[in-house]
1. Only one of Glu208, Glu257, Glu231 is of a type in the set (D, E, K, R), modelled with pLDDT of 95 or more and over 18 Å from Asp170 (Cα atoms); which?
2. How many residues are within 17 Å of Cys157 (Cβ to Cβ) and in contact with a helix residue (DSSP H, G or I) (Cβ under 7 Å, 6 or more places away or on another chain) when one looks only at the range 68-89?
3. Name the pairs whose Cβ atoms lie under 6 Å apart, with the first residue in the range 203-215 and in the same structural domain as Ala41 (by TED's automatic domain parsing) and buried (at least 24 other Cβ atoms within 10 Å of the Cβ), the second part of a loop (DSSP other than H, G, I, E, B) and among the β-branched types (Val, Ile, Thr), and 6 or more positions between them or separate chains?
4. Quick check on my filter: what residues within the range 52-91 are touching a Pro at 6+ places or on another chain (Cβ under 8 Å) and among the acidic types (Asp, Glu)?
5. Please enumerate the residues belonging to the range 166-195 that are over 13 Å from the mean Cα position of the chain (by Cα), assigned to a loop (DSSP other than H, G, I, E, B) and surrounded by fewer than 17 Cβ atoms within 10 Å (Cβ to Cβ).
6. Tell me the strands (runs of 3 or more DSSP E) entirely within the range 1-98 that contain at least 3 residues that are in contact with a Gly (Cβ under 9 Å, 6 or more places away or on another chain).
7. Please go through (1) within 23 Å of Glu183 (Cα to Cα); (2) assigned to a strand (DSSP E or B) for Arg229 and return the number of the only condition it doesn't satisfy.
Amino acid sequence: MTSAAATPFVDFRSVWLAYEGQDAFAVEDLTLSIAPGEFVAIVGPSGCGKSTFMKLATGLKAPTRGEIDVEGARLTRTLKIAGMAFQAPTLLPWRTTLDNVLLPLEIVEPHRSAFKRERAAYVERAKALLATVGLGGCEDTFPWQLSGGMQQRASICRALVHQPKMLLLDEPFGALDAFTREELWCVLRDLWAAQRFTVILVTHDLREAVFLADTVYVMSKRPGRILARREIDLPRPRDLEITYSEAFTDRVHELRERIGMVRKAS
C-alpha cells in the first residue's frame, strides 16, 4: 500500500474548470493528492467529470481556478511523462501490432530524436511488453486480426512502451466481456506491481476499482466534486478469488451506496 505521507506525485488544490463558452463548471473545488506509485480509481455517475479530471491531470485542459502540481512543479503544458489508454483501443488499422505499440516512441521526445538510431532496442522493449501481456507471437498481426481483448492489451502496451511515470486509463475495459475484463485486471495488476508507475483509472465498474486500486474517489453529479475518499485496505497481491470474499463485497457495497446517494440527490 502506498504511503499517504509520501510527497505527492499529483497534487490538485481547489481546482475548478468551466469549458470555453460555458458558464457552468464541469468540476469544482477538486482537492486531492496522489502519491508516487499509487493506484487511484475515480468513480461516479455518468457526466460527473471523471474524464475532465483526466484532462486536467495530463495538462490537456488548464484549470479555470486553482493549481495542479505534478512531481512538485506547476502543470502548465501537456505532460510527456504520461501514457493513456481508452475504452476504444484506437489502434491504427494499417500498422501491425508491433508498429502500433512503437508509435509513441516515434512521436514523443526524447525518444523521437533517437528512434531511428535506437530502433532495435525499442523493438525489443515493445516485444517484451507484448510478451508480458500474452501477445508474444502477435507482433506482425493487424488490429482486425485481434480480438477486442487482444487489441486492448496492445493499447496498454502502447501506453507503457515509452516508460511513463503515470498511466491514465479511461474506462479501458468497459467494452469487454466479463471474463476478458477480469483477465485484463490481472494483466494490469502485474504490470503495475512490476513497474510501480502512478495510475489514475476512471471506471464505472466498482468491482474493478476495488480490485485494482489503493484509493477510490467518489465524484458527485455535475459539477463534479470529490464526495468521498476510500482507502482499499485489502492485502496485495490480490487474486480474483478475493472478489468473492466478504471483505471485498463490503467495500463494493459501500461505494455503491455512495453512488446511490449521489443519484438520489440529482
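1. Glu231
2. Result for the range 68-89: 5.
3. Ala209/Thr203; Val210/Ile232
4. Correct list: Asp69 only.
5. Selection gives Ala175, Asp177.
6. Here the list reads 10-17, 27-34.
7. (1)
Listed here are the residues, each with its yes/no results for (1) surrounded by 13 or more Cβ atoms within 10 Å (Cβ to Cβ); (2) among the small types (Gly, Ala, Ser); (3) modelled with pLDDT of 95 or more; (4) within 27 Å of Ala193 (Cα to Cα).
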residue	(1), (2), (3), (4)
Glu118	yes, no, no, no
Val123	yes, no, yes, yes
Gly137	no, yes, yes, yes
Asp140	no, no, yes, no
Gln151	yes, no, yes, yes
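The values are calculated or read from the model by the stated rules, or taken from the named source; none is laboratory data. What you see is a predicted model; the values in this text were computed from it and never measured. Please note: Cβ atoms are built from the backbone with ideal geometry, for glycine as well, and neighbour counts cover all protein chains shown.
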